[in-house]
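Here the structure is laid out as structure tokens; the discussion comes afterwards.
None of the figures in this text is laboratory data; all of them are computed from the coordinates on show. Since we're looking at a predicted model, the values are computed, not measured. With ideal geometry, Cβ positions are generated from the backbone for all residues, glycine too; neighbour counts draw on all protein chains shown.
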Amino acid sequence: MNITPKGIINLPTLARMSLKRCGNLDKPINEPNIWEKTSINWAIINYPINEFPISLEQLRNLIKQAFNAWEIVIALEFMEVENINNANILFSFDDNIESKTGLGIAIGTSGPLSNIWLNKNQNWSIFQTQEETLIHEMGHSLSLEHIA
């Protein structure tokens, strides 16, 4: 984020806080949804050809890179599958996320069956790097929530 902690809210902090971010609301800490497996399958559905700012192959590679970041810190393996019926995490596209959340980049739901929706109408790489956005939403799919 490149913001130096100073203990006060200053202009760089306010500017960062005003950017679009995750569409999930902050929640009180509850019992987590736990994945009861060591290998998690994922798939991409309804990719909007010519409507998303990166190609399907670029998106597939970004998703793999983001899951690799998770594999470094948790004992799970992530595998892409072609059959969506075998997927635990589905990546899909929605052009109406912002009206649902007011925030608009992406939304991830908790596992053990979860969805990550990417807003095809947002140039979400402007607000966060694409990989950071995916890592964040994958965290929600892995049952990590925002805390209030």
Contour excess over end-to-end distance, with Cα ends at Glu82 and Ala69 and 0.36 nm allotted per residue
2.5 nm
Can you work out the FRET efficiency for the pair Ile49 and Leu144, with r the C-beta to C-beta distance and R0 = 30 Å, to the nearest 0.05?
0.45
What are the residues whose amide H is under 5 Å from the amide H of Asn41, where those residues sit 5 or more places off or on another chain and H is modelled from the backbone?
Met79, Asn88, Ile89
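Exposure proxy check: Glu132, Glu137, Glu57, Glu145 ranked by fewest other beta carbons within 10 Å?
Working: Glu132 15, Glu137 26, Glu57 8, Glu145 18.
Placing the least packed residue first, the sequence is Glu57, Glu132, Glu145, Glu137.
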